[in-house]
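Step one of this worksheet: look at the structure below.
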Amino acid sequence: MLLLNHSCSVWRNTAVGTNGRRQVQELYSSVRCLVIPMSSQTTIQENMEPGRGFEIHMGPDQDIKVGDKIVWNGTGHYVKYIRNYRDMPPVSHIELVCESGVA
């Protein structure tokens with residue numbers, strides 16, 4: 001298993017009531033993760049601003065969707081896409097490609 005040395009919270013835009021209104025709400029807190037900044041070259045290749053690209057690794061069973069907001073160390077990181085490495089023992093996990101501070 002990966003060394004998930006960090007902890008974050010997961011926020012998602014969810015329906016509130018029955019009138020069609022939506023609101024960003026915290027779904028999970030204290031989620032084990034590993035946050036790694038992306039190199040400037042990789043960030044540019046992923047069409048993101050240099051210094052804002054991050055890879056966030058989580059356990060394979062974590063409920064994450066594109067567009068979710070991951071809050072780690074006081075900063076919001078928005079999930080752009082997910083790489084699935086499930087069923088790949090001994091390092092099964094999901095890798096989130098995120099951009100910080102951009103909704």
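The values are calculated or read from the model by the stated rules, or taken from the named source; none is laboratory data. Quick caveat, the model's predicted, so the values are computed rather than measured. Every residue, glycine as well, gets a Cβ built from its backbone with ideal geometry; the counts of neighbours run over all protein chains shown. Surface areas here come from the heavy atoms of the whole protein model, side chains and all, with no ligands, DNA or RNA. Shrake-Rupley method; radii C 1.70, N 1.55, O 1.52, S 1.80 Å.
Here are some notes:
- Mean residue ellipticity at 222 nm, helices only, the chain: -1500 deg cm²/dmol; runs of at least 4 DSSP H residues each add -39,500 (n - 2.57), and the sum is divided by the number of residues.
- Apolar share of the accessible surface for the chain: 50 percent from carbon plus sulfur atoms, 1.4 Å probe.
- Note on the chain: GNM, Cα springs under 10 Å; of Asn47, Asn73, Asn19, the largest mean-square fluctuation is that of Asn19.
- Residue list for the range 14-28, given a label point 7 angstrom along the Cα-to-Cβ vector of Val66 and an amide N cut-off under 19 Å: 14
- Convex hull (Cα only) mean projected area of the range 1-99, reported in nm² to one decimal: 7.1 nm²
- By average C-beta atoms within 10 angstrom, highest first, the peptides 76-86, 49-59: 49-59, 76-86
- When the convex hull of its Cα atoms is projected in every direction, mean area for the range 44-85 (nm²): 3.5 nm²
- Our estimate of slack between Ile82 and Glu26, defined as 0.36 nm per intervening residue step minus the Cα-Cα distance, is 18.2 nm.
- Surface per residue (accessible, 1.4 Å probe) for the chain, Å²: 59 Å²
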